[in-house]
1. Inspect all residues belonging to segment B:447-457 and state whether any of them is more than 27 Å from B:ALA633 (Cβ to Cβ) and surrounded by fewer than 24 Cβ atoms within 10 Å (Cβ to Cβ).
2. In segment B:708-724, how many are in contact with an Asp or Glu (Cβ under 7 Å, 6 or more places away or on another chain) and either buried (at least 24 other Cβ atoms within 10 Å of the Cβ) or among the hydrophobic types (A, V, I, L, M, F, W, C) (or both)?
3. Given the residues B:ALA688, B:ALA651, which is the only one that is modelled with pLDDT of 80 or more and assigned to a helix (DSSP H, G or I)?
4. If you take the residues in segment B:574-587 that are in a helix (DSSP H, G or I) and buried (at least 16 other Cβ atoms within 10 Å of the Cβ), which one is modelled with the highest pLDDT?
5. Going by the structure shown, is B:LEU68 within 27 Å of B:LEU659 (Cα to Cα), more than 10 Å from every other protein chain (Cβ to nearest Cβ), among the hydrophobic types (A, V, I, L, M, F, W, C) and touching a helix residue (DSSP H, G or I) at 6+ places or on another chain (Cβ under 8 Å)?
6. Tell me whether segment B:427-437 contains one or more residues that are part of a helix (DSSP H, G or I), more than 30 Å from B:ALA654 (Cα to Cα) and of a type outside the set (Ser, Thr, Tyr).
7. Give just the number: which of (1) out of contact with any Cys (no Cβ under 7 Å at 6 or more places or on another chain); (2) not assigned by TED's automatic domain parsing to the domain that holds B:ALA609; (3) not polar (S, T, N, Q) does B:GLY626 not satisfy?
8. Can you find a residue in segment B:290-302 that is at pLDDT below 75 and more than 29 Å from the chain's Cα centre (by Cα)?
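The values are calculated or read from the model by the stated rules, or taken from the named source; none is laboratory data. Values in this document were obtained by computation on a predicted structure and should not be read as measured data. Every residue, glycine as well, gets a Cβ built from its backbone with ideal geometry; the counts of neighbours run over all protein chains shown.
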Amino acid sequence: MEVLSYLIPISLLLGGVGLVAFLYTVRSNQYDDPEGDARRILNKDWDDHPKP
Amino acid sequence: MTAALRPSISACPACVAAPGAQALAEQALHKDAQIALSLPTIHCSACISTVEKALAAVPGVRSARVNLTLRRATVEADPAIMPDQLVKVLEGAGYEAHELDAGTLSVTQNDRAGRDLLMRMAVAGFAMMNVMLLSVAVWSGATDATRDLFHWISAAIALPTLAFSGVPFYKSAWAALRARRLNMDVPIVLALVLALATSLWETALSGHHAYFDATVALVFFLLTGRYLDHRTRAIARSAAQELSALEVPRAIALRDGAEVQLPVAELRIGDLILVRPGGRMPVDGVIADGRSEIDRSLLTGETLPVFAEPGRAVSAGEVNLTGPLTIRATAVGRDTSLHRMADLVAIAESGRSRYTSLADSAAKLYAPGVHILSALSFLGWYLYSWDVRTALNIAAAVLIITCPCALGLAVPAVTTAASGRLFRKGMLIKDATALERLAQVDTVVFDKTGTLTAGTPELTNLSAHDGNDAAIAMALAQMSSHPLAVSLANAARAAGITPAKVDDLAEVPGYGTQGIWQGQRVRLGRAAWTGATPGAETTAWLAIGDAAPRAFTFTDRLRPGAANAVQHLMRQGKRVILMSGDTEPVVAALAARLGIAEWKADALPADKAARIAELQAEGQHVLMVGDGLNDTAALTAADVSISPASALDAARVASDIVLLGSDLEPIGDALTTAQSAIRRIKENFRIATWYNVIAVPVAVIGLATPLVAALAMSLSSITVSLNALRLK
């Protein structure tokens, strides 16, 4: 059962990384326009090269 | 418009003395000010790129970004770029656009409350997943030290999570208890605290059952419901603010011979106020100077403009049409007729609040029921076993099992789906219970001017005139910005008529335009001025020399979708009534045109409200659709009300739903959507109840394990959310 002493911290850490990533997306306004972002992905603009 | 919307630039007296100061202040503001545009008609990915490209192509625009959810574009541009310019560009690209005040919008962009809820929800979600992982190990057979360790780790995660994520519930429950009331949050908080306390106790005694997973899941599901609810309302609120940002409460006063721009609130009785053509009267007053015509349709519903000359009384809210007017204020602020009508609204408002939402009535049944049930099971088990530990455990299990997860999601999940659907069709649900009230509607009352009709006149008898008359009329009409003249000129242009050559063209404010054609005096204007006898219809008369004047008759143009909306409602079996302050022949003609059997003309604002009260007394549920100040009392008196975006601010505030586009067609769909939404809400309540009916006895007899609690909770929440998504 010693493996638990690695696995539990690792699972908590991975979850924590997910949480931090989510908080980052909230703070950088990535949920302001869900509808528009869903459509933008189908947009053909900047398919060939990134937006300057 | 930009200058006017920016607050207090020119309100300082010094700016008047030094006009340059205003220009400077203007520029300084423009430097890092963004331009916000409302785009009510965008709906697709092609729209996004067309709009962004069109805006970016304007020289001086640095960046343009469209927000499809809010139907808005944010533009960063050089100070030299004026919003009007961008609006024209977008109109050229085929999109309706309106400028918005960036100051008002910044308030809604940083939605603190929403972000706060989202953070708490995220933390609860994170904690729930981790605690669940540990719980799965316990459920699948971890024992002794391992189980205790897992329980302790769960406690270490759950305690700080509940301290952070549960704050909205603690606050709300505390507020309710202080007011000596019970709301949905009181049993929630009780369940959380009790479950946490017994679980900690069990863990300390290395017991078998701990409810850390259930408490965290409970908080997560409830926060989800609350966030959905908040988001729907936040979108509606920000869109409502958008509409308010389009109106300007300013007036030009003459003080010591100089023109001063003042906020309407600073006007005093006796002030001389200049109202330009197209401007709205800011106060009640008497005309001191100038001749013009006044459009009173927003106050009274009359379509025919009224002649205005010195000595005539005007009321706040009327629109000046042709010539500049100077008025002497006789009543300002709260004493104006506009505000007296708003008071009528306040009276009607007190009747409205009687409506109890489905969620509230469910909570009223639920909260005491749960408390009694859990107290009884505690007592029963205590008397049976004389063991506080077992009794407390079972009481906590009952509270957790009956948790209102599904109840908390039942309403918000459906209203979010329904409001989203209606918002995409161009309807803004301002009030939380509007959908429920809309679903009950069986009678629809329409206002005429500005609601069923667009408020713009349409020439009806162009073909009845010979080409010569039409050409002269067109030449005269092109001179004026009077709505009838503009409509006449447009109709003539559409018919391919070239204007006749008329010399010495001049507009006589309040009367019409005149000129010289082939040596003869020609006039286009009011009946009395051209020597004609006035009829009932809206008419502009053309007099050529001394010949008998020719009549150009107009009808009010129907709003797009008006005929379809009325038909749609009638097909659904609704009783449709037309009520207008306009004269009888006009109202009768429109009723016949739309096939409305019941109509009422010459209705005063109080009449409209009284008629609605009468209908309600007969047991009808009334939907009122109106736009004018004369409708506000009726809008508030009705069970539910809709106003178009072009309505007066007061009317929009009084109504529950605002139509964002100019089309009336969505009204019919709104009723169907509301009805199916209510069906879903009731189904959701039924589902939640069935879960409780099955799970509660299991908990009361002491068979509920944390696994059963977790399953019941998750399953009911998921079924309820999925059911909401079925909304058609």
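1. no
2. Summing the residues that are in contact with an Asp or Glu (Cβ under 7 Å, 6 or more places away or on another chain) and either buried (at least 24 other Cβ atoms within 10 Å of the Cβ) or among the hydrophobic types (A, V, I, L, M, F, W, C) (or both) in segment B:708-724 gives 1.
3. Numbers: B:ALA651 fails: modelled with pLDDT of 80 or more.
B:ALA688 is the lone residue from the list that is modelled with pLDDT of 80 or more and assigned to a helix (DSSP H, G or I).
4. B:VAL587
5. No.
6. no
7. Failing condition for B:GLY626: (2).
8. No: zero hits.
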